[in-house]
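Novice: What follows is a single structure, and I will ask about it in a moment.
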Amino acid sequence: MSEKLEFIDFVGKFPPLVMPVTLGEDTHHTFSTENSPLSDALIEQFIAPLEKETPDEFTEYVPCFAIDCDEKYIALVWWKAGLLLYQYVLATFTEKGEPIDQKMIAFTLVDGQKVRRAVAKIDEDLGVHIAEGVSDDDVFDPTSSLTRLMEILPNGVIVNG
């Protein structure tokens, strides 16, 4: 591992945004053109330890934003591109950089001929509204749609609402 980086170096890649914000299938394009990329060292030090599996050399991360709020935690959103799964991850950290929680909040998952998608809207009260559905051959199946709510608690834990 290269030099040990500070948490502030990692957070500095995520510009603060005032909510609400909506994350859809192509939103990451805006973030990838407007934000500086994450170095391999930042990914290795701050994201890889949160992953259930070790990211392969093809996995890509794009820093999206920090939620601009007055809470005692730092909430960051990044986009992760893996094989047949593209996802937005919401992660919370203490001000010292210790991980609190993380959840996938929006995604595109390719499974054979079916594509499962979820979009998310984070509101001013830090509620995360998620709408999910499945399409087959570019035809959306309305019977597959569902909505759910997550919420970031004052301690930084992300719960289903």
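The values are calculated or read from the model by the stated rules, or taken from the named source; none is laboratory data. Quick caveat: nothing in here was measured; it's all calculated off a predicted structure. Positions of Cβ are generated from backbone atoms using ideal geometry, with glycine treated the same way; all protein chains shown enter the neighbour counts.
Novice: Which residue is farthest from residue 72 (Cα to Cα), if the candidates are limited to the range 92-129 and must be part of a strand (DSSP E or B) and either among the basic types (Lys, Arg) or in contact with a Pro (Cβ under 7 Å, 6 or more places away or on another chain) (or both)? Before you say what the answer is, go through the steps one by one.
Specialist: First, pick out the residues of the range 92-129 that are part of a strand (DSSP E or B): 92-94, 99-111, 114-122, 127-129.
Subsequent filtering for residues that are either among the basic types (Lys, Arg) or in contact with a Pro (Cβ under 7 Å, 6 or more places away or on another chain) (or both) retains 93, 103, 114, 116-117, 121-122.
Working: 93: 9, 103: 19, 114: 41, 116: 34, 117: 32, 121: 22, 122: 18 Å.
Applying the filter and picking the extreme gives 114.
Novice: Ok, one more. Residue 146 is checked against (1) under 17 Å from the mean Cα position of the chain (by Cα); (2) aliphatic (A, V, I, L, M); (3) surrounded by fewer than 17 Cβ atoms within 10 Å (Cβ to Cβ) and fails just one. What number does that condition carry?
Specialist: Unmet for residue 146, out of (1) under 17 Å from the mean Cα position of the chain (by Cα); (2) aliphatic (A, V, I, L, M); (3) surrounded by fewer than 17 Cβ atoms within 10 Å (Cβ to Cβ): (1).
Novice: Just name the residue that is surrounded by the most Cβ atoms within 10 Å (Cβ to Cβ) out of those in the range 19-37 that are among the hydroxyl-bearing types (Ser, Thr, Tyr) and assigned to a helix (DSSP H, G or I).
Specialist: So, considering only residues that are among the hydroxyl-bearing types (Ser, Thr, Tyr) and assigned to a helix (DSSP H, G or I), the one surrounded by the most Cβ atoms within 10 Å (Cβ to Cβ) is 27.
Novice: Still on this structure, I have one more. Out of everything in the range 120-146 that is modelled with pLDDT of 95 or more and β-branched (Val, Ile, Thr), what residue ends up being nearest to residue 161 (Cα to Cα)?
Specialist: 128
Novice: Go through (1) under 21 Å from residue 13 (Cα atoms); (2) surrounded by 16 or more Cβ atoms within 10 Å (Cβ to Cβ) for residue 107 and report which single condition fails.
Specialist: The number of the failed condition is (1).
Novice: Would you please name the residue that is nearest to residue 159 (Cα to Cα), looking only at residues in the range 54-111 that are of a type in the set (Phe, Trp, Tyr) and more than 15 Å from the chain's Cα centre (by Cα)?
Specialist: Within the range 54-111, the subset of a type in the set (Phe, Trp, Tyr) is 58, 61, 65, 73, 78-79, 86, 88, 93, 107.
From what is left, the residues that are more than 15 Å from the chain's Cα centre (by Cα) are 58, 73.
Values: 58: 30, 73: 15 Å.
Restricting to residues being of a type in the set (Phe, Trp, Tyr) and more than 15 Å from the chain's Cα centre (by Cα), the top hit is 73.
Residue-by-condition table, conditions (1) of a type in the set (Val, Ile, Thr); (2) within 23 Å of residue 132 (Cα to Cα); (3) without any contact (Cβ under 8 Å) to a residue 40 or more places away in the chain:
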residue	(1), (2), (3)
24	no, yes, no
34	no, no, yes
42	no, no, yes
54	yes, no, yes
77	yes, yes, no
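Novice: I'd like the residue in the range 151-161 that is without any contact (Cβ under 8 Å) to a residue 60 or more places away in the chain and assigned to a strand (DSSP E or B) and, out of all such residues, is surrounded by the most Cβ atoms within 10 Å (Cβ to Cβ).
Specialist: That would be 151.
Novice: Residue under question is residue 132, and the condition is that it be assigned to a helix (DSSP H, G or I), surrounded by 15 or more Cβ atoms within 10 Å (Cβ to Cβ) and under 17 Å from the mean Cα position of the chain (by Cα); does it hold?
Specialist: For residue 132, the condition - assigned to a helix (DSSP H, G or I), surrounded by 15 or more Cβ atoms within 10 Å (Cβ to Cβ) and under 17 Å from the mean Cα position of the chain (by Cα) - is not met.
Novice: Now a separate question. Cβ contacts < 8 Å: first residue more than 15 Å from residue 48 (Cβ to Cβ), restricted to the range 84-107; second residue part of a loop (DSSP other than H, G, I, E, B) and of a type in the set (Asp, Glu), any location; separation 6+ or different chain. Result?
Specialist: 86/25
Novice: Go through the range 148-161 and count every residue that is polar (S, T, N, Q) and modelled with pLDDT of 95 or more.
Specialist: The number of residues fulfilling the criteria is 1.
Novice: Further question on the same structure: In this structure, is residue 92 at pLDDT below 95, among the polar types (S, T, N, Q) and surrounded by 14 or more Cβ atoms within 10 Å (Cβ to Cβ)?
Specialist: no
Novice: Any residue in the range 9-24 that is on the phi > 0 side of the Ramachandran plot, more than 15 Å from the chain's Cα centre (by Cα) and not basic (Lys, Arg)? Step through it out loud before you land on a result.
Specialist: Keep residues of the range 9-24 that are on the phi > 0 side of the Ramachandran plot, which gives none.
No - not one qualifying residue is present in the range 9-24.
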